Amino acid sequence: MTQRKYFGTDGVRSVAGEFPLTASWVMRLGCATAEVLRRSHARPTVVIGKDTRQSGDMLEAALAAGLTSRGVDVVHLGVLPTPGVSYLTRYLRADLGVVISASHNPYEDNGIKFFGAHGGKLSDELELEIEAAIDPAADLPPVRGVDLGGVTNYTEAERLYVQHLLASAPDLTGLRVAMDCANGAAYRVAPKVFQGAGADVFAVYTTPDGRNINRDCGSTHLGTLSRIVRDGNFDLGVAFDGDADRALFVDSRGHPVHGDHILLLTARARGESAVVTTIMANMALEVKLAEAGVRLERTQVGDRYVHERLTNESLHLGGEQSGHILFLDLSPTGDGVLTALQTLAAARRVGVTLDQLHDELVMFPQTLVNVRVNDKHAVSRDPEVAAAVAVAEARLAGRGRVNLRPSGTESLVRVMVEGPDETEIHEVARSIADVIAARAGRATA
């Protein structure tokens, strides 16, 4: 496949105001997107939602200017979680949905992500078409008069999304929930949904100012939520990230309950035959799922790859430790509030508390050794490295696992070993790292 120039695994992402997320380039992106849409739609409609970042307004205006200048009608949804934009794209039968967000990143960053009419991520082929149309966009013939697109503000978006979530919510009457909304896109939606389901909700980080999204809060910073749950005697805590496509919990003691726990619980409650996760999922999850007769399949890191495997094998449940969970029979994309509701529904169905779930899934110790190398991709082809891995796996004899992967940003190979015996996994990891170092580099931290 042709290498994408601007789109990554999750849209276009950068520091806002720096290339490519400048107003002028984003306007060109809007023009190019419009041209691609008009090849198959006479009068396309695009819905746009955003999180609470300061730069969201600028990027939204630039994108809308590009789209409308080429004959596309734009519907602004306002601040809304990423999965809410996916839902409204389908509900309004729009031709494209756009989310302006950088998820769990700091406020300086931002991103632009597209959804197709079905509410799922845009295909690689369409992203490549848009990229191919960006550079010539300035030379396109003008669109005039009634052929120009218009802009409307859809004020019902939040109400409809909340209503959609409540339709599948369990009865949470009597449950005391502390909630961290990350000063992000779910700051109004999530408390409304949980309160609508009957929970007694104490929500924090619900006052976004454009610059405090994800700042020491949200699903990547559970410390404050843990303290609030313990000190306030709450039944549990739930935290969302900036665009609310993921959710993590803490139990009543403040212990973290992450994606591996959620996958174990929901797989049991739903009677799944297989679950898809990534190479980073703890082996304890694999062992517990096997005991329940559930097959675990692993992909490379990234929800995009989990989604692809689920779709290709007609499976429904998958996700990552980060709390980005996919219920493809319920939503075409990850939805943090939906994940939280489905997890609590599963707990009630199975008859366990999050405290019991945390204690049951005892994580295997894991160690990581980085080895600096000249060619990180050549290591996997080295026969001596392969032999060292084979020796290590034979020693672990199915009680643990070995994973070698190149760093995405540095000239490093990461040696990860996991198993029940902490001393053993450190010895195994060091033995592999020493071979890699002798062949291709030197070990680091």
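When GLU427 is tested against (1) surrounded by 13 or more Cβ atoms within 10 Å (Cβ to Cβ); (2) in contact (Cβ under 8 Å) with a residue 24 or more places away in the chain; (3) over 27 Å from THR9 (Cβ atoms), just one condition goes unmet, and that condition is (2). Screening LEU315 against (1) in contact (Cβ under 8 Å) with a residue 60 or more places away in the chain; (2) crowded, with 17+ Cβ neighbours inside 10 Å; (3) in a loop (DSSP other than H, G, I, E, B) leaves a single unmet condition, (1).
Of all the strands (runs of 3 or more DSSP E) wholly in the stretch 1-82, which have at least 3 residues that are surrounded by fewer than 23 Cβ atoms within 10 Å (Cβ to Cβ)?
Details: elements: 12-15, 45-50, 73-79.
Here the list reads 12-15, 73-79.
Return only the number of the condition from (1) in contact with a helix residue (DSSP H, G or I) (Cβ under 6 Å, 6 or more places away or on another chain); (2) at pLDDT 95 or above; (3) among the hydrophobic types (A, V, I, L, M, F, W, C) that VAL373 does not satisfy. Result: VAL373 fails condition (2) only.
The number of residues in the stretch 165-196 being in contact with a helix residue (DSSP H, G or I) (Cβ under 9 Å, 6 or more places away or on another chain) and either over 22 Å from SER101 (Cα atoms) or modelled with pLDDT under 95 (or both) comes to 12. Any residue at all in the stretch 139-158 that is touching a residue at least 40 places away in the same chain (Cβ under 8 Å), farther than 19 Å from ALA62 by Cα and surrounded by 11 or more Cβ atoms within 10 Å (Cβ to Cβ)? Yes, that holds for at least one residue. Inspect all residues belonging to the stretch 252-263 and state whether any of them is assigned by TED's automatic domain parsing to the domain that holds CYS181 and more than 16 Å from ASP355 (Cα to Cα). Within the stretch 252-263, none of the residues are assigned by TED's automatic domain parsing to the domain that holds CYS181 and more than 16 Å from ASP355 (Cα to Cα).
Taking SER219 as the residue in question, decide whether it is touching a strand residue (DSSP E or B) at 6+ places or on another chain (Cβ under 8 Å), crowded, with 19+ Cβ neighbours inside 10 Å and either not assigned by TED's automatic domain parsing to the domain that holds ALA346 or not in a helix (DSSP H, G or I) (or both). I'd like the intermediate steps shown before the answer.
Values: touching a strand residue (DSSP E or B) at 6+ places or on another chain (Cβ under 8 Å): yes; crowded, with 19+ Cβ neighbours inside 10 Å: yes; either not assigned by TED's automatic domain parsing to the domain that holds ALA346 or not in a helix (DSSP H, G or I) (or both): yes.
Considered against the rule, which asks whether it is touching a strand residue (DSSP E or B) at 6+ places or on another chain (Cβ under 8 Å), crowded, with 19+ Cβ neighbours inside 10 Å and either not assigned by TED's automatic domain parsing to the domain that holds ALA346 or not in a helix (DSSP H, G or I) (or both), SER219 comes out as yes.
Counting only helices (runs of 4 or more DSSP H) that sit wholly inside the stretch 336-445, those with at least 3 residues that are among the aliphatic types (A, V, I, L, M) are 336-350, 383-396, 422-440.
The values are calculated or read from the model by the stated rules, or taken from the named source; none is laboratory data. If you're wondering where the values come from, they're calculated on a predicted model, not measured in any experiment. Every residue, glycine as well, gets a Cβ built from its backbone with ideal geometry; the counts of neighbours run over all protein chains shown.
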